[in-house]
Amino acid sequence: MLNGKNVYLGKVRSSIRELFEYGKKRKAEIGEDNVFDFSLGNPSVPAPAAVREALIDIIEHTDPVALHGYTSAQGDFSVRKTIADYINARFSTSLTADNLYMTCGAAASLTITLNAILNPGDEVITIAPYFPEYKVFTEQAGGKLIAVAGKVGTFGIDVENLKKALSPRTKAVLINSPNNPSGVVYGEEDISLLVKEIKEYSKPHGMEIYLISDEPYRELVFDKDTKVPYIMNYYERSIVCYSYSKSLSLPGERIGYIAVNNKMPEWEEVYAGVCGAGRALGYVCAPALFQQLVKRVYNQTSNISVYKLNRDRLLSALEEYGYEVVKPDGAFYMFVKALEPDAKRFAERAKQFELLLVAGDDFEAPGYVRISYCVSPQMILRSLPAFKALADSYKSV
Ligand SMILES: Cc1ncc(COP(=O)(O)O)c(C=O)c1O
């Protein structure tokens, strides 16, 4: 008999993918420009020119046998050192290469981390709305995902809800900021209160609760006044799961890292767990060419001004049409209140206007829809009459 759970996971498509496939079909029927596909979070701006230049230079000037060979299981030492030095310079930490583990993107960073720390039955608390794969990753690692609702209306961290969810089985709290699907950035106050709560609960219980920060969108922040706190500066038992998929527009190349805070007393054990989980999952040696690439372009970001332009245009138009929008400070997602209580029905109705929106139910935030605005600015402009017509269709009922 096969593993039923995995066969099931392989057969059911996420509703986001389902919608994307529907969009492809619809585009073939009525033309590419007439379908407004806001379903997927695939970067729409190219990687920075420095990426191409570095790749060409690396390929032309590196011995191919060395370049394409295995690196250390945890990643090339000089790559890890370069990244550790960069994090230290940016966030005043004191990481070394031995705190970093190179991965195939944030998905691998998360699965490895969860497998490193969870025992069967352990609970991982996350804040809704959240990336749906968290449930898959946590359960695969033997844990149980507990979602607590974010603050009503802003989707910041609701500490009271978190308090109620903490239990003797809590092993980790998993946060994602800038957030997919809301685009919300958790500020300093959010993080400080979260950490205070975790400490107040874990200390008297003699527990070790880890704070995991999933950071594929760290660099996608639109205003210089918006700060994304670095969790290692707030909490010692912290682990950062980073990815270059969105910051460098390289999601298909699968490159990222895990950084284990060396301020936690048992960091060597945790790091060993990360190496062990990477080994057990077959995730050793992240793509060697792209390890070398990030060593060269670790401080670069794609041109995110397009995302900002899209956000600004969409935000002001949707508000004008009467939609209630949670203002996103980062990532390339916008969370919009559905114009009827059932967001799935609302998303179905949006299809009549060729708007492909993802119902918030998938992110455990019913009543909202997600718009992925990593699309061309032209598509944003073309889609505005459809958003207006959708809103008007509710007014005339
Ligand atoms: C919140 C979040 N975490 C993790 C991932 C996985 O990213 P990666 O492509 O780096 O595996 C995504 C991808 O969209 C995401 O939105």
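The values are calculated or read from the model by the stated rules, or taken from the named source; none is laboratory data. Treat the numbers as computed from the prediction; the structure is a model and nothing was measured. As a convention, Cβ positions derive from the backbone with ideal geometry for all residues, glycine included, and neighbour counts pool all protein chains shown.
Observations
- Unique residue being more than 19 Å from the chain's Cα centre (by Cα), buried (at least 22 other Cβ atoms within 10 Å of the Cβ) and either of a type outside the set (Asp, Glu) or assigned to a helix (DSSP H, G or I) (or both) when the list is Ser316, Ser383, Ser393: Ser383
- Meets criteria (touching a helix residue (DSSP H, G or I) at 6+ places or on another chain (Cβ under 8 Å), in the same structural domain as Val79 (by TED's automatic domain parsing), away from the ligand (no atom under 16 Å from the Cβ) and among the aliphatic types (A, V, I, L, M)) for Leu194: yes
- Of the set (1) away from the ligand (no atom under 16 Å from the Cβ); (2) part of a loop (DSSP other than H, G, I, E, B), all apply to Gly276 but (2).
- Of all residues in segment 47-60, those satisfying the criterion of being of a type outside the set (Asp, Glu) and exposed (fewer than 14 other Cβ atoms within 10 Å of the Cβ) are Ala49, Arg52, Ile56, Ile59.
- Some residue of segment 148-168 being within 25 Å of Asn6 (Cβ to Cβ) and not hydroxyl-bearing (Ser, Thr, Tyr): no
- Test: residue in segment 330-345 that is surrounded by fewer than 17 Cβ atoms within 10 Å (Cβ to Cβ), part of a helix (DSSP H, G or I) and small (Gly, Ala, Ser): no
- Yes/no for Lys163 being closer than 25 Å to Lys246 by Cβ, assigned by TED's automatic domain parsing to the domain that holds Val228, surrounded by fewer than 18 Cβ atoms within 10 Å (Cβ to Cβ) and in contact with an Asp or Glu (Cβ under 9 Å, 6 or more places away or on another chain): no
- Every residue from segment 346-359 that is closer than 15 Å to Lys388 by Cα and in a helix (DSSP H, G or I): Phe346, Ala347, Arg349, Ala350, Lys351
- Consider segment 279-296 and keep the residues that are within 16 Å of the ligand (Cβ to nearest atom) and part of a helix (DSSP H, G or I). The one that is farthest from Glu53 (Cα to Cα) is Gln291.
- Answer residue from segment 144-173, given it is in contact (Cβ under 8 Å) with a residue 60 or more places away in the chain and within 16 Å of the ligand (Cβ to nearest atom) and is farthest from Ile125 (Cα to Cα) among those: Phe155
- Any hit, segment 364-385, residues being assigned by TED's automatic domain parsing to the domain that holds Asn310, under 30 Å from Val148 (Cβ atoms) and free of Cβ contacts under 8 Å to residues at least 12 places away in the same chain: no
- Looking across segment 113-144, just one residue is of a type in the set (A, V, I, L, M) and either touching an Asp or Glu at 6+ places or on another chain (Cβ under 7 Å) or modelled with pLDDT under 95 (or both), and that is Ala128.
Every residue, every condition in (1) among the hydroxyl-bearing types (Ser, Thr, Tyr); (2) within 16 Å of the ligand (Cβ to nearest atom); (3) under 25 Å from Gly276 (Cα atoms), yes or no:
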| residue | (1), (2), (3) |
| --- | --- |
| Thr71 | yes, no, yes |
| Ser92 | yes, no, no |
| Thr103 | yes, yes, yes |
| Ala108 | no, yes, yes |
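- Segment 119-156, subset assigned to a loop (DSSP other than H, G, I, E, B) and of a type in the set (D, E, K, R), residue nearest to Met334 (Cα to Cα): Lys151
- Residue that is surrounded by the fewest Cβ atoms within 10 Å (Cβ to Cβ) [pool: residues in segment 110-130 that are more than 12 Å from the ligand (Cβ to nearest atom) and more than 17 Å from Val270 (Cβ to Cβ)]: Pro120
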